[in-house]
Each structure stands twice: as C-alpha cells, then as structure tokens.
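Worksheet: the structure to be examined is printed underneath.
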Amino acid sequence: MRCLTPLLFLVLFILQSCKNDNRLDKDSKSLEITAIISMIDFDFQALEEELLSLSEKVQALYEDKDNVLKRAELENKYIKVGHYANSAPNHDPELCTLYFPQLPNVSEKAVREMMLLTNDMDEEFRKVVEESNVISQVYFNSKVQFNRLYPPYDVATMIEPNLDVTSYNFYYEADELNNPEKGLVWVKDIYIDPVGQGWVISLLNPVYVEDDLKMVMAFDISVNVILENYLSKTEKKLVVIDEKGTVIAGKSKAIEALDLPPLRNHTYIQTITSNNFRLEEYNLFKSKDKDVRRMISHFMLSGGDQYSLQKSTEKILVTAYPLDRTGWLILDVTI
C-alpha cells in the first residue's frame, strides 16, 4: 500500500506549530482540515487499488482452475468441523477462518471447490492486514454460501451455523441487482461487525468470472482506526458523518456540542443472528435539538457549508467539509 506523501505531513506539522498564532485566519484554519481530507482520500484510494488487485488474483486462479484445484487437493490444510474451519482460539494464525452456512440446497461440491480454489489467497489476505494500518480484516462472501476471512476469529461460538451471507449489506450492496456497473462500493451504512471488530465501514468489490458473480471481496475499516489515524492529527473538534447524517466518528467535545450521546465502541459478546446497524440516536436528522436538525438539513439538503448553533450563552460555529469519495462530511465544531 502506498505511503502518504511527505508534503501532507509537512502541511500538518506547520499548521500544528501555528495553532496558537492569533494571526491564523479562517483560510489557514480550513487548510488543516483540507490536509486531513487529502490524507483520508489518499489512503482510501490506495485501499481501492489494493482491493482491485486482490480481486484480479482471484480471477487468475479461476483462469488456471484445473491446475490450481489439483494442487490444492494435495496441499489443503483445512479441516471442516460443522459450519467452520480454523476457528479461534485453537487456530492456525497463518490461515483464514472459513464459515460454511448450514442452509438448504447448498452445494457441498461448489463450496469445496471454491474453498480449494481460493486457499492461495490466505497469504495475500494476511499480507494486506499486516502491511496496512487502516484495514482491520479482509474477507469474501459467495452466493454458494461460503466465507473466508482474515485474521482468524472464534467463528465456532460467534456465528450461528445457518446465516445466509448474501442477506448482509457487505454482500448485497455489491451484487448484480444493486451494483449493475460491477464497480467498487463503499457501504453506505456503518454497522457492527459480526466478528467483534465493533463499528466498521466496508469497501466492497464484486469478483466476476465470465459475467458470473463468484464472490464479493471486502475490506473492513474500524471506526477506532478513523479516529486514531485521522481525527487525532489535529486538536480541532471534528465529527465525521455519513450520507444519511449518521455519526461515523468524532471527538468527544464535538459530539457533546451536537447533543449526541457519547460514542461507545460496541462489540458483540453474544451470538450474531441478524444484520445490525448504528442506533438512530446518532443520526443528526433525528436529533432532539431542532437547531441541530436545521443544521444538518442546511449541510446535506441545501448544500451549505457553515451554520451557527446557539447553545445557552455561547455560539457554536460548525463548518462542513465534503469527502467526495465516500459522500461523507467532516464537521469542524468551533466552540
């Protein structure tokens, strides 16, 4: 994965050094956030390129299908136990965890063929996670009802044996119906990861072989990573919201200023049985404060970029900056 250009780090350093300079005008202040947006855009473009590269490697395996399968039969390291293979804690850390939904009409032959054909991707998945400071996990889901994911996790106790992997947004948002262009997809909804990564966002890519959708490949990015890698680069009070006005990540003081409850890093300790999304209490369109509702409407429906909130005796200036790649907004909350 590419590294961020030194120029952006230099911009951030200079602006950080000047943060106490009263002569710093509005344009200079906005440059700091513009630099952060450039960092995010640069990293996310690299993610897209990485995911496309992985997808091409899968397609190459299909092109040499017969030879790959012959070799894979001899080298297969996976032992299927019910609905899984290589489950933590008794797992091989070099391998992925495999999930085999126990559903009616599943072709065991098709599932085994896909498992063997994609065993070579274990090393590729591992390399991506180890070399990235953004990606928390790599995986794919297939309509034959098969999931391969790295790093390995405790699928034996965390996932019900009969979940349909095609019924989740990290599959269907990139399928033939919802993504006829067959391109990359940033999942619109932030959601709780079923295997314990907390709140995540996902980048998807459908993998086609001769116009047949074989799988949807995906990267997950933890909300905590967004906070640590980007928002922590500045002392500004920032909030990141998605296209629906739902908070993705934010500084605690900015969250408080917008009358939102504290962000909690939800993780599952019980078995996952259904799709799960962020609670409505984090959606600014549904805020109890009508002025906050006016503000988000001003930004997202009217195209405005600044709004003044009156809180008791203080006025809060909120400035919106778009992230075109994902459709998100970064809100700079000046108290």
> For Cα Rg over 2.2 N^0.38 Å, the listed values are [x] 1.10; [y] 0.95; [z] 1.04; which was obtained by calculation from the structure presented?
Replying inline: [x]
> Quick one: with all protein chains in place, what share of the accessible area of the range 69-219 is carbon or sulfur, to the nearest percent (1.4 Å probe)?
Replying inline: 49
> Any idea what the alpha-carbon Rg over 2.2 N^0.38 Å comes to for the range 35-75?
Replying inline: 1.84
>> I need to check one value: relative contact order of the chain, counting alpha carbon pairs closer than 8 Å and at least 6 residues apart, in percent.
In response: 14
> Can you tell which of GLU160, GLU210, GLU176 shows the greatest fluctuation in a Gaussian network model of the chain with Cα springs below 10 Å?
Replying inline: GLU210
> What is the helix-to-structure angle for 26-63, meaning the angle in degrees between its Cα long axis and the longest Cα principal axis of the chain, kept from 0 to 90 and rounded to the nearest 10?
Replying inline: 10
> Do the alpha carbons of any pairs in LYS236/LYS290; LYS70/LYS127; LYS70/LYS109; LYS143/LYS188; LYS233/LYS288 sit beyond 23 Å of each other, and which pairs?
Replying inline: LYS236/LYS290; LYS70/LYS127; LYS233/LYS288
> With every protein chain present, what is the per residue accessible area of the chain (1.4 Å probe, Å²)?
Replying inline: 48
> Taking amide H positions as placed 1.01 Å from N in the peptide plane, with prolines and chain starts having none, which residues 5 or more places from GLY250, or on another chain, fall under 5 Å of its amide H?
Replying inline: VAL240
>> Full-extension gain between LYS290 and LYS311, please, as 0.36 nm times their residue separation minus the C-alpha to C-alpha distance.
In response: 6.4 nm
>> In the chain, if the dipole is taken from +1 on Lys/Arg beta carbons and -1 on Asp/Glu beta carbons about the Cα centre, which of ASN224, VAL292, THR157 is farthest to the positive end?
In response: VAL292
> Under a point-charge model restricted to the Cβ atoms of Lys and Arg (+1) and Asp and Glu (-1), what is the dipole moment magnitude of the chain relative to its Cα centre, in debye to the nearest 20?
Replying inline: 1260
> In nm, what is the difference between 0.36 nm times the number of residues separating LYS188 and GLU280 and their Cα-Cα distance?
Replying inline: 31.6 nm
>> Checking the a/c ratio against 1.5 first, then a/b against b/c, what shape does the Cα gyration tensor give for the range 111-223?
In response: rounded
>> Between ASN133, ASN169, ASN119, where does the largest GNM mean-square fluctuation fall for the chain, given springs only between Cα atoms within less than 10 Å?
In response: ASN133
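The values are calculated or read from the model by the stated rules, or taken from the named source; none is laboratory data. Everything numeric here is computed off the predicted structure, so don't read it as measured data. Positions of Cβ are backbone-derived with ideal geometry, glycine not excepted, and every protein chain shown enters the neighbour counts. For the accessible areas, the whole protein counts, side chains as well, though only heavy atoms, and no ligand, DNA or RNA atoms are used. Shrake-Rupley method; radii C 1.70, N 1.55, O 1.52, S 1.80 Å.
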